[in-house]
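Chemist: Okay, here's the structure, questions in a sec.
The values are calculated or read from the model by the stated rules, or taken from the named source; none is laboratory data. The structure presented is a predicted model; accordingly, all values stated were derived computationally and were not measured. Because the Cβ atoms are built from the backbone with ideal geometry, glycine has one as well, and the counts that use them run over all protein chains shown. Just so you know, the surface numbers come from the protein's heavy atoms only, side chains and all, with ligands and any DNA or RNA stripped out. Shrake-Rupley method; radii C 1.70, N 1.55, O 1.52, S 1.80 Å.
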Amino acid sequence: MQKFVEILRKDKGHEKENLWFEKCRREKAPFITLKTRTKFADVHWDYITYPNEVDQHLATHKESTTKKAIEIFMRHANEKSEYQVSSGLVYFNNLEIQNAKIAAEELYDLVVDTVSSCPAVAKT
């Protein structure tokens with residue numbers, strides 16, 4: 001199962017990202033992108049692919065989710081890395097590419113775990 005889309009520097013336009021967004025929206029899955037450069041990559045998660053009903057669920061679990069997201073970042077960061085974390089957005093910037101891929105997968109698992117108890121995303 002694919003947990004994120006990797007967008008390379010050579011990928012022009014937003015077609016790859018837009019296709020990934022639509023897939024995530026249809027499947028009510030975390031919208032996680034990994035944008036790579038030569039040595040480093042940025043990981044981004046946005047809750048936008050979830051139904052509006054998930055907003056309150058994420059806000060309710062904000063403390064736990066943000067703490068765990070920062071723990072993921074800390075495991076994979078280097079001296080150049082930075083993060084921004086909220087209940088519905090996560091940015092991990094300047095991770096080494098291999099570490100960024102692992103962090104993106106762990107972030108996906110965290111988001112799935114967090115929203116799995118919300119009726120709006122329950123699988124039928």
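Chemist: For a Förster distance of 22 Å, can you work out the FRET efficiency between the beta-carbons of Asn78 and Asp11, rounded to the nearest 0.05?
Modeler: After rounding to 0.05, the efficiency reads 0.35.
Chemist: Please list, by residue number, every one of the trypsin sites (Lys or Arg not before Pro) in segment 33-64 that is coil in DSSP and has at most 16 other beta-carbon atoms within 10 Å. Kindly include the intermediate steps, with their values, before the conclusion.
Modeler: Values: sites: Lys35, Arg37, Lys39, Lys62; in loops: Arg37, Lys39.
Here the trypsin sites (Lys or Arg not before Pro) that fit, given the DSSP loop and packing criteria, are Arg37, Lys39.
Chemist: May I ask you to work out the translational diffusion coefficient for segment 46-112 at 37 °C, viscosity 0.692 mPa s, via Stokes-Einstein with Rh from the Kirkwood sum over Cα pairs, reported in whole µm²/s?
Modeler: 268 µm²/s
Chemist: Of Lys10/Lys67; Lys12/Lys62; Lys12/Lys80, which sit over 32 Å apart, Cα to Cα? Don't skip to the end; give the middle numbers.
Modeler: Working: Lys10/Lys67 34 Å; Lys12/Lys62 34 Å; Lys12/Lys80 26 Å.
As for pairs spanning more than 32 Å Cα to Cα, those are Lys10/Lys67; Lys12/Lys62.
Chemist: From the P(r) of segment 1-46, can you give the percent of Cα pairs sitting at distances over 13 Å?
Modeler: 53 percent
Chemist: Then there is this: Choose one of Thr66, Ile7, Ser117: the residue whose Cα lies farthest towards the positive end of the charge dipole of the chain (beta-carbon charges +1 Lys, Arg; -1 Asp, Glu; about the Cα centre).
Modeler: Selected residue: Ile7.
Chemist: What number comes out for accessible area per residue over the chain if the probe is 1.4 Å? Units Å², please.
Modeler: Value returned for the chain: 59 Å² of accessible area per residue.
Chemist: Which of the trypsin sites (Lys or Arg not before Pro) found in segment 72-124 are in a DSSP loop and have at most 10 neighbouring Cβ atoms, other than their own, within 10 Å?
Modeler: Answer by residue number: Lys123.
Chemist: Dividing the Cα radius of gyration by the Kirkwood radius, what Rg/Rh value follows for the chain?
Modeler: Here Rg/Rh amounts to 0.96.
Chemist: Filter the GluC sites (Glu not before Pro) in segment 51-85 to those in DSSP coil with at most 14 other Cβ atoms within 10 Å of their Cβ, and list the result.
Modeler: Answer by residue number: Glu53, Glu79.
Chemist: Specify the angular offset, from 0 to 90 degrees and rounded to the nearest 10, of the alpha carbon long axis of helix 97-115 from the longest principal axis of the alpha carbons in the chain.
Modeler: Between helix and principal axis, roughly 10 degrees.
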